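Chemist: Below is a structure I'd like to ask you about.
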Amino acid sequence: MAFTDRAASADAQCGGQSRQVGEVADVLHPRSQAGQELLAVRLACDGREVLVPFVAQVVPRVDVDQGVVVIDPPEGLLEV
């Protein structure tokens, strides 16, 4: 199983706040070499799914053993 696939079903927490914002529902892989992977995060507050770029600037930490993905979303990403 690929590392990125193991991130699915992990708790998604916001960076410095360590508060759970939701759960990683899926890891979306690009169809072309030029694309980037995305995390589909199901928000705990209302069940909506938001797409989070799976890049170091936005997802600074993934702890597969603890089942936690830390995200540092740009302003407004979770409100879309």
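The values are calculated or read from the model by the stated rules, or taken from the named source; none is laboratory data. What you are looking at is a predicted structure, and each value in this text was computed from that prediction instead of being measured. For neighbour counting, all protein chains shown are included, and Cβ atoms are generated from backbone atoms with ideal geometry for every residue, glycine included. Keep in mind that these areas ignore ligands, DNA and RNA; they rest on the heavy atoms of the full protein, side chains included. Shrake-Rupley method; radii C 1.70, N 1.55, O 1.52, S 1.80 Å.
Chemist: Looking at the stretch 1-46, which of its residues are modelled with pLDDT under 90, open to solvent by 50 Å² or more (accessible area, probe 1.4 Å), in contact with a strand residue (DSSP E or B) (Cβ under 7 Å, 6 or more places away or on another chain) and under 14 Å from residue 64 (Cα atoms)?
Modeler: If the condition is that a residue be modelled with pLDDT under 90, open to solvent by 50 Å² or more (accessible area, probe 1.4 Å), in contact with a strand residue (DSSP E or B) (Cβ under 7 Å, 6 or more places away or on another chain) and under 14 Å from residue 64 (Cα atoms), then 5, 9, 11 are the ones that fit.
Chemist: So, in the stretch 49-80, of the ones that are open to solvent by 80 Å² or more (accessible area, probe 1.4 Å) and among the charged types (D, E, K, R), which residue ends up farthest from residue 14 (Cα to Cα)?
Modeler: 65
Chemist: Sticking with this one: Identify the single condition in (1) part of a strand (DSSP E or B); (2) at pLDDT below 90 that residue 70 does not satisfy, given that it satisfies every other one.
Modeler: With respect to (1) part of a strand (DSSP E or B); (2) at pLDDT below 90, residue 70 is out only on (2).
Chemist: Sticking with this structure for a sec: Kindly list, by first and then second residue, each pair from a residue in the stretch 40-63 that is under 12 Å from residue 21 (Cβ atoms) to a residue that is among the small types (Gly, Ala, Ser) and modelled with pLDDT under 90, limited to pairs with Cβ atoms under 6 Å and residues at least 6 apart or on different chains.
Modeler: Close Cβ pairs (under 6 Å, with a partner that is among the small types (Gly, Ala, Ser) and modelled with pLDDT under 90) amount to 41/12.
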